[in-house]
1. Report, to the nearest 10°, how far helix 57-66 tilts away from the longest principal axis of the Cα atoms in the chain, using its own Cα long axis and a range of 0 to 90°.
2. Calculate the spin-label point distance for residue 68 paired with residue 18, positioning each point 7 Å from the Cα along the beta-carbon direction, and give it in nanometres.
3. Could you work out the local net charge near residue 157, counting Lys and Arg as +1, Asp and Glu as -1, over the other residues with Cβ closer than 13 Å to its Cβ?
4. Just the number, please: percent antiparallel of the DSSP beta bridges in the chain, rounded to the nearest 5.
5. If we count other beta carbons within 10 Å of each Cβ, what is the order of 78, 138, 33, fewest first?
6. So which cysteines in the chain don't have a second cysteine's C-beta under 4.7 Å from them?
7. Take 110, 37 and order them by how many other Cβ atoms sit within 10 Å, fewest up front.
8. Of the beta bridges DSSP finds with both residues in segment 62-125, what % are antiparallel, to the nearest 5?
Amino acid sequence: MTLSAELEARFDKLLKSYPPGRQRSAMIPMLLYAQDELGSVTPELVEEVARRVGVEPLQVEEVMSYYSMLHRKPLGRYHVQICTNISCLLTGGEELWQHACKKLGIGHKEVTADGQVSLEEVECIGACSWAPALQVNYAFHHQMTPEKLDRLLDSLRKAQ
C-alpha cells in the first residue's frame with residue numbers, strides 16, 4: 001500500500017515511540033491518521049496496519065468494530081457529529097439532530113450527494129458544560145441552536 005511521505009513519517013514516529021513488543025499501541029492513532037488522509041479505513045489499510053504493528057488483521061478488525069470514530073465508508077469533507085447524550089439532549093440536542101437531518105436531507109452516518117457533508121449522531125463529545133454541542137471534523141461548536149447550525153452549515157458550503 002502506498003502512503004504519503006507525511007503519513008509514512010507519522011507511522012514511523014508512532015512505532016518508534018513505543019518499546020519493542022508494544023507497537024500494537026500505535027494501532028488506533030495509525031488508523032485515525034490514515035483515515036484522515038485516505039477518507040476511510042479500507043481493507044487494504046487494515047492489512048497494512050496489522051503488518052506494521054505485528055498483529056493479525058482480525059485484531060485490527062476487532063478494534064474497528066469497537067471504536068465508532070473509525071469509518072469504513074468515506075465521510076464528507078465536513079463531518080458533523082451532533083451529541084444527543086443526556087446534557088445535550090436536555091438542552092436541545094435532539095431538536096438540533098432532527099433539524100440537521102432535515103436541512104441536509106441525510107441521516108445517521110450518511111453523506112450529502114455532493115460528498116461535502118456527512119452527519120453522525122454521537123453519544124458524547126465531552127462538552128457537557130456547553131451543551132448542546134457538536135463537532136465538525138476536529139472543531140467543537142458549543143451552545144448550538146438550529147439558527148446557529150444553519151449559519152455554520154451555510155458557511156461550510158460556501159467554503160468549498
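1. Taking the Cα atoms of the chain, the angle to 57-66 is about 20 degrees.
2. Between residue 18 and residue 68, the label points sit 2.5 nm apart.
3. On the way: positive: 77, 103, 151, 158; negative: 114, 150, 154.
Charge balance in the 13 Å sphere: +1.
4. Beta bridges within the chain, antiparallel portion: roughly 55 percent.
5. Listed from fewest to most nearby Cβ atoms, that is 138, 33, 78.
6. 101, 124, 128
7. So the ranking, lowest neighbour count to highest, is 37, 110.
8. Details: 2 of 8 bridges.
In segment 62-125, approximately 25 percent of DSSP beta bridges are antiparallel ones.
Read-outs throughout are calculated quantities, based only on the coordinates presented, and are distinct from any laboratory measurement. Quick caveat: nothing in here was measured; it's all calculated off a predicted structure. For neighbour counting, all protein chains shown are included, and Cβ atoms are generated from backbone atoms with ideal geometry for every residue, glycine included.
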